[in-house]
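Heads up, the thing below is written out as C-alpha cells.
The values are calculated or read from the model by the stated rules, or taken from the named source; none is laboratory data. Just so you know, these numbers come straight off a predicted model, no measurement behind them. Cβ coordinates were reconstructed from backbone atoms using ideal geometry, including for glycine residues, and neighbour counts include every protein chain displayed. Surface accessibility is based on the protein's heavy atoms, side chains included, excluding ligands, DNA and RNA. Shrake-Rupley method; radii C 1.70, N 1.55, O 1.52, S 1.80 Å.
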Amino acid sequence: MIAFVQGPVAALSAGTAVVEVGGVGLALQCTPTTLAALRLGEPARLATSLVVREDSLTLYGFVDEDERATFELLQSASGVGPRLAQAMLGVHSPDALRLAVANGDEKALMTVPGIGKRGAQKLLLEYKDKLGAPHGIVPAQKPLAAGPAPWSEQLQAALVGLGYAPREAEDAVAAVTPEAESQSVPDVGALLKAALRTLNRTR
C-alpha cells in the first residue's frame, strides 16, 4: 500500500499529475480541484490510493487523508468504482458529500456526471450509515489557487477530467468567461461550479 507520495510536480495534464519520487515519475489520477492546487516544479505531498485490477495498477492522488478515505468508502456502494468515486469528489468535498447524504439531498448527487435520479436515491440509502456526519462547516465554495495554466485551460481540463466531451467543456468555459473576466484573479473553483451548473441546465 502506497500511503502518500511526496516530491516536485513534474507534469500536469487533464486528470493526471506526475510527481517525481526518487528519480521516478509517478502518475496519479487526481480530481480537478486537486490538480488546480498543484504547480509545476513545486513540491507536493498527496495522499494516495492504489487500485489494483487484473490488467492495471492505478494510483489516485488526494489533497489529504480525509479525501482519500472518503474515496475508498464511496466505492463500498454497489456500482461505484474508482472513476465515479473520483468524479463525486471532483464536484463535492468530503464534508459536502456527508451533508448531502445526511440531508437526503439527491439533487446534490445528481450534479455528478454519471449519476441520475434513481442512482442518487440508491446511493443515499447505501451511504446513509457509512459516511457519517460532516466534520466541520461546509463552505459555499472552495477557493483554489490559480495553477500554472491560464484559468480557461485549467477549467477545460477539469471538465474533461470529469467526463464531459471537449466540445461541452468549451461551451461551458465560454459561458463563464464573463464571470472570470470580472475577477482580478479568476477563482477556478468557483468557475468550475458555475460551469457545471451551465452543463446541467443544457442536459
### Task
Please give, to one decimal in nm, the separation of the simple spin-label points placed at residue 102 and residue 11, each 7 Å out from Cα toward the Cβ.
4.2 nm
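Work out how much length residue 65 to residue 171 would gain on full extension: take 0.36 nm times their residue separation and subtract the Cα-Cα distance, in nm to one decimal. Kindly include the intermediate steps, with their values, before the conclusion.
Numbers: separation 106, 0.36 × 106 = 38.16 nm, distance 3.43 nm.
Taking residue 65 through residue 171 to full extension adds about 34.7 nm, to one decimal.
Go through the stretch 44-96 and name the GluC sites (Glu not before Pro) that are in a DSSP coil and have 14 or fewer other Cβ atoms within 10 Å of their Cβ. Could the numbers behind the result be given before it?
Numbers: sites: 54, 65, 67, 72; in loops: 54.
Of the GluC sites (Glu not before Pro), the ones in loops of the stretch 44-96 whose Cβ has at most 14 other Cβ atoms within 10 Å are 54.
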### Message
For the stretch 3-53, what does the accessible surface come to per residue with a 1.4 Å probe? Please give it in Å².
### Response
44 Å²
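Any idea how many Lys pairs in the chain come in under 14 angstrom at the alpha carbon, given 8 or more places apart or on separate chains?
Details: 107/117; 107/122; 122/130; 142/193.
Within the chain, the lysine pair count is 4.
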### Task
Apply the Karplus parameterisation 6.51 cos²θ - 1.76 cosθ + 1.60, with θ equal to phi minus 60°, to every residue of the stretch 72-78 and state each ³J(HN,Hα) to the nearest whole Hz, in sequence, with x for glycine and proline.
6, 5, 4, 6, 6, 7, 5
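Counting helices only, and only those DSSP H runs with n ≥ 4, report the 222 nm mean residue ellipticity of the chain as the sum of -39,500 (n - 2.57) divided by its residues, in deg cm²/dmol to the nearest 500.
Values: 9 runs with 93 residues, N = 203.
Calculated at 222 nm, the ellipticity per residue is -13500 deg cm²/dmol.
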### Summary
In whole percents, the bins of 5 Å from zero upward hold the Cα-Cα pairs of the chain as 1, 7, 16, 19, 20, 17, 12, 6, 1, 0
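What does the net charge come to around residue 180 if you take all other residues with beta carbon closer than 13 Å to its beta carbon, with K and R at +1 and D and E at -1? Present the calculation step by step, with values, prior to reporting the outcome.
Values: positive: 193; negative: 153, 179, 181, 187.
Every neighbour counted, the sum reads -3.
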### Message
Taking all protein chains in place and a 1.4 Å probe, what share, in percent, of the accessible surface of the stretch 38-113 do carbon and sulfur account for?
### Response
52 percent
